[in-house]
Amino acid sequence: MSQVQLIESERRNRALYEVRNLDVIFKRGRGILRRKESVVHAVDDVSFDVYESELLSIVGESGSGKTTIARCLMGLAVASSGSIRFDGSEVSKLSGRKLLDYWRRVQMVFQDPFESLNPRLDVFTTLSIPLQRLSREKDKKKVSDEVSRLLWEVRLDPGEVLHKFPHQLSGGERQRVNIAKALAPNPKVLIADEPITMLDASQRLNILSLLINLKTSRNLTIILITHDLASAKIMSDRTAVMYCGKLVEIGPTENLLTRPHHPYSELILSATPRLTRREARSREMGMSSILAGIEESQSVETGCVFAPRCKYKTAICAESEPALLAKSSSHLAACHNALNVDARHSS
Amino acid sequence: MSERDLLKLSDVTVEYALEHGVRKASDGVSLRIPSRGFTLGIVGESGSGKTTLGLLMMNLIEPPGRITRGKIEYQGRDILGMNRDQLRRYRWQEVAMVYQSAMNSLNPVKSVSSHIVEVLREHSDISKTEAREKAIKLLSSVGIKEERADAYSHELSGGMRQRAVIAMALALSPKLLIADEPTSALDVVVQKQILALLRKEVIEKDLSLVFITHEIALLGDLVDNVAVLFAGEIVESGEIDDILFDPMHPYTESLLGSLLSLESTREMIQTVPALTKEARVVPEVGCKFANRCRYAFARCRVERPLLKESSNGRLVACHKYS
């Protein structure tokens, strides 16, 4: 898709979510009496939009704040400041009936398919509860038909799994049941938090392909939280990269993965395992540089959060924090020395 | 004596007695680590017996597990017949293992350096000061600075804990290191650092390495040889490039076909068929992979293929090649 087409499609699709200056601070007591408090800035001044019918990936290492953002979007975590507007209304202000309505429209699939199903409920009960609660369906026959339809939709055979309990299902089947459960209230938005991380390789691709098909067939907006650039690449229209609670880069997935603007994106891209032939491998080279930069993410008082690990840093990086700015059309990065930008404009 | 393999498993079977019957976690496995500096990746899905294979090499199979057949020799010595003292010397000094999620099993009330001091003093006759100096050296070789040597495990990141565990395993300069999924809970950048660190040890110390993983894509940068495990059996083994780019066994092929990488496309992932219930059943007779194999023919249903040399000199357990 060319840049022009892309901007066109963005114009067509309105912003479903508008996240502005989102801050989430966790307080942690220290010492036996917890008198000393330390704060963890899990999400730090993050702003982005989610467009209707797009698939947005949020990528980052553990602790980067991606799950916290997902929980805020769901209304499961409370922002310290900032705003999240869904379809014009502020998510944190929703309560009672309005919150239930919201959850009818936005559903979440969690990382661990083993933990997120009640072990004492069979598949039928697991799926009929949200149907009855959220779509207020009373007719038993209709509920049972709908359960079967949902199972077929996630490519499970109701005849086989309907009366099974979670422990009788494989990891992939469990995750399918979780997806069916999320689809039960007929949502507009699906937030999938690392949906394939706990699965065997043979089942991962099937779950991803299921999500892609559901997006088309149900016209879903999907927010995929992942640590894996490969899933972001095949799944998403746009990708957002988080680092230490900051949104450091966001843009069309293809651009971001072929020509990342932020040095952190470049780093995770280069660290993602690839199949390479022996002659193309650089096993002995570059090891010392990898080990030299071995100290991991650390907090900084001023300047860019990534500066301590950045090989492109200059004097300004320690002094002022870079803002998230458009470096090329619809591609934003928070970096004083954004990569590839000049090359792009001249080409 | 140079003829002797460093480590050799011959036809080893391990059975676990479960509530309903017996399960073979390792089924007639033979493999060789011929010499120092030899690096082997063992790849397979969960439940394929990868960890059992690692534990076997340490002679650490415990009830309900039982070795029912086979022999394991280290430089010609039978390790299954070793007494306690011999085993104590064998483990850590000859062969060391980084266990799965070992980074989460550090003692929370001990500093990382004192873990290593303990290993050193337990196995060799050195003073506390000497042991501490050596521990600090070991930690710095894995990128943990002296000022962090006395940190407790909760003060370190996952990657640092994993590196500390590797330093501990290397404390007594073993000839062979077995690493069981050492990077599975880590971020890609940290993962790459751990792989680079292991590679450095292999090159600098002529260390032999057995790297156990479910992610075949990790192996390219690290090992020279691969053994592919399915349902407790090695179905194919050989040089890394052969396995990655010219797989022979249908299971290796499917493993590579379901690999999610930056080269994958939407079209590719949508053509991977989902495993049916029937396909997931491992047959009692014939080839264990037959139910999932798109090449399976009559012979595969009745006769189990053995791992043997095919016409091109590679090892594969498949009737397609005989």
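With +1 on each Lys and Arg Cβ and -1 on each Asp and Glu Cβ, and nothing else charged, work out how big the dipole of chain B is about its Cα centre, in Debye to the nearest 20. Don't skip to the answer; put the middle values down first.
Values: 42 positive and 43 negative charges, 107 e Å.
Dipole magnitude for chain B comes out near 520 debye.
If I model a spin label at A:R278 and B:N107 as a point 7 Å from the Cα along the Cα→Cβ vector, what separation in nanometres do I get?
4.5 nm
Can you tell me the Rg and Dmax of chain B, counting just the alpha carbons, in angstroms?
Calculated on Cα positions, Rg and Dmax stand at 20.7, 68 Å.
Once label points are set 7 Å from the Cα along Cα→Cβ at both A:R133 and A:D87, what is their separation, rounded to one decimal in nm?
2.0 nm
Just check region B:1-117 against the gyration tensor rule for me: Cα atoms, a ≥ b ≥ c as the square roots of the eigenvalues, rounded for a/c under 1.5, and otherwise prolate or oblate depending on whether a/b exceeds b/c.
Details: a/c = 1.63, a/b = 1.11, b/c = 1.47.
Because a/c hits 1.5 or more and a/b fails to exceed b/c, region B:1-117 counts as oblate.
Please give, to one decimal in nm, the separation of the simple spin-label points placed at B:E146 and A:N118, each 7 Å out from Cα toward the Cβ.
6.0 nm
Looking at the square roots a ≥ b ≥ c of the eigenvalues of the Cα gyration tensor of region B:98-210, which shape do they give, rounded for a/c under 1.5, prolate if a/b is larger than b/c, or oblate? Walk me through the intermediate numbers first.
Numbers: a/c = 1.67, a/b = 1.19, b/c = 1.41.
Oblate.
Determine, for A:V300, B:V235, B:V95, the number of other Cβ atoms within 10 Å of each Cβ, and report the residues in order from fewest to most. Please report the intermediate quantities before stating the final value.
Values: A:V300 15, B:V235 26, B:V95 23.
The order, fewest Cβ neighbours first, is A:V300, B:V95, B:V235.
Rounded to the nearest 20 debye, what is the charge dipole size of region B:156-206 about its Cα centre when +1 sits on each Lys and Arg Cβ and -1 on each Asp and Glu Cβ?
Numbers: 7 positive and 6 negative charges, 26 e Å.
That gives a dipole near 120 debye.
Remind me, relative contact order of region B:247-322 in percent, using alpha carbon pairs under 8 angstrom and six or more residues apart? All intermediate terms of the calculation are to be shown ahead of the outcome.
Values: 71 pairs, mean separation 17.8, N = 76.
RCO, region B:247-322: 23 percent.
Running a GNM on chain A with Cα contacts under 10 Å, which residue among A:V50, A:V248, A:V143 ends up with the highest mean-square fluctuation?
Comparing A:V50, A:V248, A:V143 in a Gaussian network model of chain A, the most mobile one is A:V143.
Hey, fewest Cβ within 10 Å first, where do A:R104, B:R36 land in order?
On the way: A:R104 18, B:R36 13.
Arranged by neighbour count, lowest to highest, A:R104, B:R36 become B:R36, A:R104.
Have a look at B:G286, A:H163, A:M235 and report the one farthest towards the positive end of the charge dipole of the protein assembly as shown, computed about the Cα centre with Cβ charges (Lys/Arg +1, Asp/Glu -1).
Among B:G286, A:H163, A:M235, the one farthest towards the positive end of the dipole of the protein assembly as shown is A:H163.
Send over the Kirkwood Rh of chain A, from the inverse of the averaged 1/r over different Cα pairs, rounded to one decimal Å. Present the calculation step by step, with values, prior to reporting the outcome.
Working: mean 1/r = 0.0456 Å⁻¹.
Radius from the Kirkwood sum: 21.9 Å.
Can you return the lysines within cross-link range of A:K311? Criterion is Cα-Cα under 30 Å, with same-chain partners fewer than 8 residues away left out.
Cα-Cα hits under 30 Å: A:K66, A:K233, A:K246, A:K327, B:K137, B:K145, B:K192, B:K200, B:K205.
Taking +1 at the Cβ of each Lys and Arg and -1 at the Cβ of each Asp and Glu, which of A:A201, A:V189, A:G245 sits farthest along the dipole of chain A towards its positive end, judged by Cα position relative to the Cα centre?
So the residue we want is A:V189.
Using the charge dipole of chain B (Lys, Arg: +1 at Cβ; Asp, Glu: -1 at Cβ; taken about the Cα centre), state which of B:G143, B:G313, B:S48 has its Cα farthest towards the positive end.
Result: B:S48, furthest along the dipole toward the positive end.
Name the most mobile residue of B:H20, B:H115, B:H214, meaning the one with the largest mean-square fluctuation, in a Gaussian network model of chain B with Cα contacts below 10 Å.
Top of the fluctuation ranking is B:H20.
Which lysines have a Cα less than 30 Å from the Cα of B:K320, not counting those fewer than 8 places away in the same chain?
List returned: B:K8, B:K24, B:K50, B:K71, B:K277, B:K288, B:K308.
Quick check for me: using +1 on Lys/Arg Cβ and -1 on Asp/Glu Cβ, what's the dipole size of the protein assembly as shown about its Cα centre, in debye to the nearest 20?
Working: 91 positive and 84 negative charges, 273 e Å.
Here the protein assembly as shown has a charge dipole of around 1320 debye.
In terms of the Cα gyration tensor, with a ≥ b ≥ c the square roots of its eigenvalues, is region B:247-322 rounded because a/c is under 1.5, prolate because a/b exceeds b/c, or oblate? Can you show the working numbers first?
On the way: a/c = 2.94, a/b = 1.40, b/c = 2.10.
Since a/c reaches 1.5 but b/c is at least a/b, the shape of region B:247-322 is classed as oblate.
Please compute the length gained on full extension between A:W152 and A:T197, using 0.36 nm multiplied by the number of residues separating them and subtracting their Cα-Cα distance.
13.9 nm
Report the calculated FRET efficiency for B:E133 and A:V300 (r = Cβ-Cβ distance, R0 = 45 Å), to the nearest 0.05.
Numbers: r = 33 Å, r/R0 = 0.74.
With R0 = 45 Å, the Cβ-Cβ based efficiency is 0.85.
Can I get the semi-axes of the protein assembly as shown's equivalent ellipsoid? Compute them from the C-alpha gyration tensor as square roots of 5 times the eigenvalues, in angstrom, largest first.
On the way: eigenvalues 355, 230, 120 Å².
Working through the eigenvalues yields semi-axes of 42, 34, 24 Å.
Taken together, the values in this text are just the output of simple stated rules run on the coordinates, not laboratory data. Small disclaimer: the values here were computed from a predicted structure and weren't measured. Glycine also receives a Cβ, built like all others from the backbone with ideal geometry; neighbour counts cover every protein chain displayed.
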